[in-house]
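The values are calculated or read from the model by the stated rules, or taken from the named source; none is laboratory data. As the structure is a computational prediction, the values presented were derived from the model and not from experiment. Virtual Cβ from ideal backbone geometry, glycine too; neighbours counted across all protein chains shown. Please note that ligands, DNA and RNA were not included when accessible areas were found on the heavy atoms of the full protein model with its side chains. Shrake-Rupley method; radii C 1.70, N 1.55, O 1.52, S 1.80 Å.
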Amino acid sequence: MPGPTLSRLLLGKEIRQLREAAGISREQAASALKCSKARIDHIEVGRNAMGYAELVMLLRDHYGAEHRIGELEALRENASQRGWWSTAGLSDWLARYVGLESDATSIRTFELEWIPGLLQTEDYARATYSVDDRWTGRDIDRRVGARMRRQERLRGPDPLRVIAVVSEGALARCARHPSVAQAQLRQLIDRAQWPNIELRVLPFDQGLHVAMGASFSLLSFPDGLLGDVANQEYTVGGDVIEDPVVVSLLDRLFGKLRDQALGPDESLAKIAELATTL
């Protein structure tokens with residue numbers, strides 16, 4: 001059974017499809033539940049869980065799908081659970097993303113300025129937060145702890161597959177902080193040799209590229225349960241993106257970045273060369 005975040009998305013998708021098949025508008029569904037249209041919207045996009053009584057009322061009395069109550073109730077119960085990320089002090093969008101990451105089978109990520117979070121050492125992660133005076137010591141502890149816990153998905157019998165393209169700029173900035181750089185670069189070299197991790201460096205020599213403006217990630221899920229989902233993070237927030245047109249565009253851009261980057265062996269050599277200069 002998928003985790004709570006993915007379960008909410010899957011349940012919302014099923015509820016929307018049943019509503020549309022029954023020829024019922026969101027406004028009519030909201031009237032049936034005596035709630036706002038916004039609540040129906042949030043249920044159908046997986047932002048909010050729904051109650052058992054709401055599920056039964058819609059499926060039995062309005063959508064003509066009483067036979068699906070048992071199946072969707074199991075999904076609804078799972079969607080109502082709280083993952084560890086819900087108590088980690090993360091912003092709403094980041095908690096949503098981490099919840100999806102916990103169910104993903106693979107991630108493709110491009111980073112302009114940072115080492116990818118799944119490949120960071122604890123000291124490097126702490127240093128990236130410490131330069132921003134918005135975060136208190138307690139905030140930093142929570143966020144770094146969450147980042148380290150996310151890395152548990154890289155191990156175990158069914159580890160997350162990671163394909164990371166990292167700008168040479170992120171490596172160069174890391175190298176400017178000798179207190180964390182040596183350990184971080186050594187960890188990159190180690191992780192890049194794990195069978196589930198592919199690390200490529202996009203060198204300065206390539207000049208301009210197709211993602212000068214922002215980093216992004218793409219998540220894929222098992223058995224086609226859900227289409228790929230994207231994530232873009234910016235200075236004061238981020239967005240989880242489900243629009244298939246946008247996700248498809250980012251997928252194409254990632255392919256171009258991967259093609260421009262050095263191969264895995266050349267990338268390891270580049271990182272090792274930088275590490276020797278510290």
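Please give the net charge around residue 274, taking every other residue with its beta carbon less than 12 angstrom from that of residue 274, where Lys and Arg add +1 and Asp and Glu add -1.
On the way: positive: 173, 176, 186, 270; negative: 168, 273.
Its environment carries a net charge of +2.
All other residues whose Cβ lies under 11 angstrom from that of residue 238 are scored, Lys and Arg at +1 and Asp and Glu at -1, for a net of -2.
Does the range 106-159 come out rounded, prolate or oblate, given a ≥ b ≥ c as the square roots of the eigenvalues of its C-alpha gyration tensor, rounded meaning a/c under 1.5 and, failing that, prolate meaning a/b above b/c?
On the way: a/c = 2.92, a/b = 1.59, b/c = 1.83.
Since a/c reaches 1.5 but b/c is at least a/b, the shape of the range 106-159 is classed as oblate.
Taking packing as the residue-averaged number of other Cβ atoms within 10 angstrom, the listed peptides 163-176, 11-24 run from highest to lowest as 163-176, 11-24. Hey, any idea what % of the range 1-160's accessible area is carbon plus sulfur with a 1.4 Å probe? The C+S portion of the solvent-accessible surface of the range 1-160 is 48 percent. When the Gaussian network model of the chain links Cα atoms closer than 10 Å, the mean-square fluctuations of 102, 179, 215 top out at 179.
Between helix 244-260 and the chain, what is the angle of the helix's C-alpha long axis to the longest principal axis, kept within 0 to 90° and rounded to the nearest 10? Taking the Cα atoms of the chain, the angle to 244-260 is about 20 degrees. Counting Lys and Arg as +1 and Asp and Glu as -1 over every other residue whose Cβ lies under 14 Å from the Cβ of residue 173, the net charge comes to -2. Annotation: aspartates and glutamates with alpha-carbon distance below 17 angstrom to residue 256 (same-chain offsets under eight excluded): 111, 168, 198, 205. Note on the range 1-145: Cα-only Rg and Dmax are 19.2, 56 Å.
Working note: Karplus 6.51/-1.76/1.60 with θ = phi - 60° gives the range 131-142 the couplings 6, 10, 6, 5, 9, 7, x, 5, 4, 4, 4, 5 Hz, where Gly and Pro are set to x.
Label positions at residue 266 and residue 56, each projected 7 Å from the Cα along the C-beta direction, are separated by 6.3 nm. All C-alpha to C-alpha distances of the chain, sorted into 10 Å bins beginning at zero, yield P(r) values of 6, 26, 30, 20, 11, 5, 1 percent in whole numbers.
With n ≥ 4 as the cut-off for DSSP H runs, can you work out [θ] at 222 nm for the chain, using -39500 (n - 2.57) per run divided by the number of residues, rounded to the nearest 500?
On the way: 12 runs with 135 residues, N = 278.
After summing the helix terms and dividing by the residues of the chain, the value is -15000 deg cm²/dmol.
Each part gets one Cα centre, and for the range 160-234 versus the range 1-24 those centres are 32 Å apart. What the Cα convex hull of the range 116-247 gives, in volume per residue, is 141 Å³.
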